[in-house]
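Before any comments, here is the structure.
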Amino acid sequence: MKNPIDILELTLSQLESKLKDMDIAGYRAKQIYSWLYRGTLDFTEMTNISKDMQNRLSNRFNIANLKMLESIESDDGSTIKFLFLLKDENIIECVVMEYSYGNTICISTQVGCKMGCSFCASSKGGFVRDLSTGEMISQILTAKSELSKDTKEYNIKNIVLMGSGEPLDNYDNTIKFLKMIHDPDGLNLSYRNMTLSTCGIVDKIYKLSEENMPITLAISLHAPNDSIRRKIMPISSRYSIDDIFKASDHYFQETGRRITLEYALIDGINDRYEDALELGKRIGDYGFHVNIIPINEISDSVHRRSSEDTISQFINVLRDQNINVSRRRELGTSIQGACGQLRYDYLGRYVKRLKGE
Ligand code: SAH
């Protein structure tokens, strides 16, 4: 018997041709796709397909190459975090957040991360591997299927690539993923409702500008100059803020999408009055939007959150310089919501259990 294929890796036309090889009519591909993307991840529940065909499909294809391990809901029910187990026993996480303008899902693009940012939990265990396109789609569909258990169909409106990993370091799989969820036969999501967050891999930002996919680009800046940035983000030894700004502006010129700069405030590192002044000056006429994130404190890290006074001062100094700035709503704090935090926390508990502590 041939090895099962991950059906979520396949575009509609690829699925059609695989079905043709099995002597199954092409129109079935659309039916199956429609089930999958509504969150039905079991062939036996696809009621317009005969039992015999369901069996043949189950033998040929895998659906969703991950299993739900744990789900945790925030106290107010607005955020739910999923921990998923992959086929090779690696663990990833994904978060669903309910906003007034629609449900948003935050997904991971890699297991662990190579970037080594000092405040980020995803880097703590190092890099393990890239996720496949199918594994990225599985996160959405598995979350959708879990959440549909209570409601009729759970709608996802926005996708943000802000879970574990650096999406531009897993470029091809990430682009294929975004194209597949944009497809009208897939999730039919508008590119405008997708946000890719990157620590600033400059050559890939130029490449992304040419993809003809007007997604929102968010740059994790976190510093007003290269010397502060080098202290917390190793990637800054490869790319300067000047180069990142030029690439971001090019992206804006090509796509018309306004760039967001993410800035996580860390006590005593990047949150001084003069840091806000310098940041504002540097942004100048670029027109970037700044999103201020009070840092989520992670275990084993020396970084602390800035005080409320410092946070408001920082925002005001930027506003006084006519910079467009907002503060991120903190939905995930009570459930270890920051990037990579839940997985890191879970791995810690798991190791303790193994040691019998
Ligand atoms: N690698 C990508 C995407 C993943 S991180 C990137 O660097 O953008 C998503 C966002 O969460 C980034 O802005 C990241 O810097 C931020 N982040 C990571 N750890 C955090 C923490 N402990 N508190 C607040 N934000 C954090």
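The values are calculated or read from the model by the stated rules, or taken from the named source; none is laboratory data. Keep in mind that this is a model prediction, so the values were computed, not measured. All Cβ positions, even for glycine, are placed from backbone atoms using ideal geometry, and neighbour counts span all protein chains on display. SASA here: full protein model, heavy atoms, side chains in, ligands and nucleic acids out. Shrake-Rupley method; radii C 1.70, N 1.55, O 1.52, S 1.80 Å.
Observations, loosely collected:
- Of the listed requirements (1) open to solvent by less than 30 Å² (accessible area, probe 1.4 Å); (2) closer than 17 Å to residue 95 by Cβ; (3) within 13 Å of the ligand (Cβ to nearest atom), residue 162 misses just one: (1).
Each row is one residue, and each column tells you yes or no for (1) within 15 Å of the ligand (Cβ to nearest atom); (2) open to solvent by 10 Å² or more (accessible area, probe 1.4 Å); (3) within 30 Å of residue 193 (Cα to Cα); (4) in contact with an Asp or Glu (Cβ under 7 Å, 6 or more places away or on another chain).
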| site | (1), (2), (3), (4) |
| --- | --- |
| 217 | yes, no, yes, no |
| 233 | yes, no, yes, no |
| 236 | yes, no, yes, yes |
| 250 | no, yes, yes, no |
| 255 | no, yes, yes, no |
| 265 | yes, no, yes, yes |
| 274 | no, yes, no, no |
| 289 | yes, yes, yes, no |
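- On inspection, residue 155 does not qualify as in contact with an Asp or Glu (Cβ under 8 Å, 6 or more places away or on another chain), touching a residue at least 40 places away in the same chain (Cβ under 8 Å) and within 22 Å of residue 135 (Cα to Cα).
- Unmet criterion (only one of (1) within 15 Å of the ligand (Cβ to nearest atom); (2) farther than 25 Å from residue 298 by Cβ; (3) surrounded by fewer than 23 Cβ atoms within 10 Å (Cβ to Cβ)) for residue 149: (1)
- Restricting segment 126-145 to residues that are open to solvent by 20 Å² or more (accessible area, probe 1.4 Å) and at pLDDT 90 or above, the residue that is nearest to residue 102 (Cα to Cα): 132
- Single residue of segment 291-316 satisfying the filter (of a type in the set (Ser, Thr, Tyr) and open to solvent by 30 Å² or more (accessible area, probe 1.4 Å)) that is nearest to the ligand (Cβ to nearest atom): 299
- Residue within segment 200-210 that is at pLDDT 95 or above, touching a Ser or Thr at 6+ places or on another chain (Cβ under 9 Å) and closer than 19 Å to residue 293 by Cβ present: yes
- Among residues of segment 13-40 being in contact (Cβ under 8 Å) with a residue 24 or more places away in the chain and open to solvent by 20 Å² or more (accessible area, probe 1.4 Å), the one that is farthest from residue 183 (Cα to Cα) is 22.
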